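The values are calculated or read from the model by the stated rules, or taken from the named source; none is laboratory data. The structure displayed is predicted, hence computed values, not measured ones. No Cβ is skipped: glycine too gets one built from the backbone with ideal geometry, and neighbour counts run over all protein chains shown. Surface accessibility is based on the protein's heavy atoms, side chains included, excluding ligands, DNA and RNA. Shrake-Rupley method; radii C 1.70, N 1.55, O 1.52, S 1.80 Å.
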Amino acid sequence: MQSHDFDVLIIGSGLAGLSAALHLAPTHRVAVVTKRQLHDGASGWAQGGIAAVLAEGDSVDDHVQDTLVAGAGLCDLAATRFVVENAPDAIRWLQQLGVPFSLDEAGGGLHLTREGGHGARRIVHAADATGAAVQRTLIEQVRATPGITLFEQHTLVDVITAGKLGLKTAGTADRCLGAYVLDEAADEVLTFRAPHTLLATGGAGKVYLYTTNPDTATGDGIAAAWRAGCRVANLEFIQFHPTCLYHPHAKSFLISEAVRGEGGQLKLPPAAGGTRFMPLHDERAELAPRDIVARAIDFEMKTHGIDCVHLDISHQSPAFLQEHFPTILARCAELGIDITKEPIPVVPAAHYTCGGVLTDLAGRTDLPGLYAIGETACTGLHGANRLASNSLVECMVFARAAAQHIASAAPQALPALPAWDDSRVTDADECVVISHNWNELRHFMWDYVGIVRTDKRLERAAHRIALLQAEIAEFYANFHVSRDLLELRNLVQVAELIVRSAQMRHESRGLHYSRDWPERAAPAAPTILVPGKR
């Protein structure tokens, strides 16, 4: 079995992971491990943009306040201010790397758009494919940087800790020593040893039946950190994006928040009256935060017995739509929808994991040597509901913060690590069982732990999760690991944490809405789960 030694091991190749790699590469030997190709994560799917205070008349305090309002009383003020204050520098760093942001034709500077929950235009974007533009640039930089070694088609099995290996001595703290990683091409598990391991594996949207996330979003880092003894926080707050394209031939295609920011209106289909409905739910109408818009759509769909609602931006000129939303315009046209003349059919879908591995302002987890950044982490920025376009900037700000902390750390002498025990064989029924369990999990999580929840639904989900965990644990202990098995193991673990968190919150706040607990309670407090404690 091969063994690799690096100064820093980064798991994940989205904006968070690649940013950290570029910050560290000048002085450290960096490994970037990603389970598919570099461009296959969620970052490249981001359409809207990156929030930063750049416009005259806007202010850090205003951006902080908008974030706190969206977060429904649960944002950590220090983390929020830290991200907002560092956001402009993050944008400038991307500009220096060559990201082709859209420019304002009148002033020549960056074009700023506005999205739901923001009181000002502060969204920097590259037309309606910001994430793709950013990722292309970062990938080019990473591939050209000598200090970075890339391992594509490599899947995290688990992080390695001194405690798990019996190397922890009395009176010393446990620490992360690296990770076991499945090399899919060779079908063997490799040992990566590093004094600093950084989890940047994204969220867990694939735990739900309908999601805007790519297939890679299986909660790998959250589950691995939990198994390593790290606390997680606020995992009941799953953001459902209000507007995912509803079409039988379109999978996970997001209709950007910016469509509503530029005047798009949500309406019932003609058969249900064809009327605009958001003003009946919130005075901010289509510009209300995502949780309010998603619940409003869910309410209207259930009230009228309809499969989707319509998002109409056809009052804008074709030239305007081509300039601002070329990707959406083209994709809808491929499916026979002309958004210059007709509305877009949309439904809510699981979009963003607001909670995650609990970290400090340097991205440190509870386990020395282990960091978590991006959607994998819970920094306190998002609270009970992420404000639109705050996620990409969080990735960059905490990537730099983690890199700076790693660069300042004293050298660590690590013990030799044992190879993975790979004497187990592949079971012939494994693929069938994994596929069945995956489908069962995603269906009952959608039905029982979705936009609207009840105590009874959560109990049902918890019962089914326990059965799945027992079955998966047997497979993991006795048979050769595969990516499908690892992803299912992680998804079921994160599903358990989501349900446990939801059961602990006896109120409705932000993205967590319970029919049994419809009022907001006081005081506001995060939901923190501790390994080994119920």
The chain - share of DSSP beta bridges that are antiparallel (%, nearest 5): 60
Convex hull volume per residue for region 256-401, taking Cα atoms only, in Å³: 137
Residues R227 and Q2, FRET efficiency given R0 of 25 Å [Cβ-Cβ distance, rounded to 0.05]: 0.60
Solvent accessible area, Å² - L245, 1.4 Å probe, full protein context: 10
Gain in span if fully extended, K168 to A55, counting 0.36 nm per residue against the direct Cα distance: 35.5 nm
Modelled FRET efficiency - R0 60 Å, D422 with K302, Cβ distances, 0.05 increments: 0.75
For the chain: relative contact order, % (alpha-carbon pairs under 8 angstrom, 6 or more apart): 21
Shape call, region 80-131: gyration tensor on alpha carbons, a/c limit 1.5: oblate
Distant-in-sequence amide H partners of H4 (H built 1.01 Å from N, under 5 Å): T191, F192, R193
Length released on extending from Q322 to H436, taking residue separation times 0.36 nm less the Cα-Cα span: 36.8 nm
Interatomic Cα distance distribution for region 52-201, bins of 5 angstrom, percent: 2, 7, 11, 13, 13, 12, 12, 12, 9, 5, 2, 1, 0, 0
Stretchable slack from A410 to Y476, in nm (0.36 nm times residue separation minus alpha-carbon distance): 20.1 nm
Value of relative contact order over region 56-125, rounded to a whole percent, pairs C-alpha under 8 Å and six or more apart: 28
Accessible surface, per residue, of the chain when the full set of protein chains is kept, probe 1.4 Å, Å²: 38
Label-point gap, in nm, between T454 and D338 - each point 7 angstrom along Cα→Cβ: 4.6
Within region 11-149: Cβ-based charge dipole about Cα centre, in debye rounded to nearest 20 (Lys, Arg +1; Asp, Glu -1): 700
R534-A362 pseudo-label distance in nm [points 7 Å out on the Cα-to-Cβ vector]: 3.7
Set of lysines near K267 by C-alpha distance (under 30 Å), chain-local residues within fewer than 8 positions excluded: K206, K251, K302, K341
As computed over the chain, the Cα convex hull volume per residue (Å³): 152
Solvent-accessible ranking of C75, C332, largest area first, probe 1.4 Å: C75, C332
Expected-Rg normalisation [2.2 N^0.38 Å, Cα atoms] applied to region 384-534: 1.35
Rotationally averaged projected area of region 326-401 (alpha carbon convex hull; nm²): 7.0
Share of alpha-carbon pairs per 10 Å distance bin for region 115-234, given as whole %: 10, 28, 34, 19, 7, 1
Share of carbon and sulfur in the accessible heavy-atom surface of the chain [1.4 Å probe, %]: 52
In sequence order, calculated HN-Hα J values of region 66-74 (Karplus, 6.51, -1.76, 1.60; Hz; x Gly/Pro): 4, 5, 5, 5, 4, x, 6, x, 10
Point-to-point label distance, Q96-A144, nm (Cα→Cβ direction, 7 Å offset): 1.5
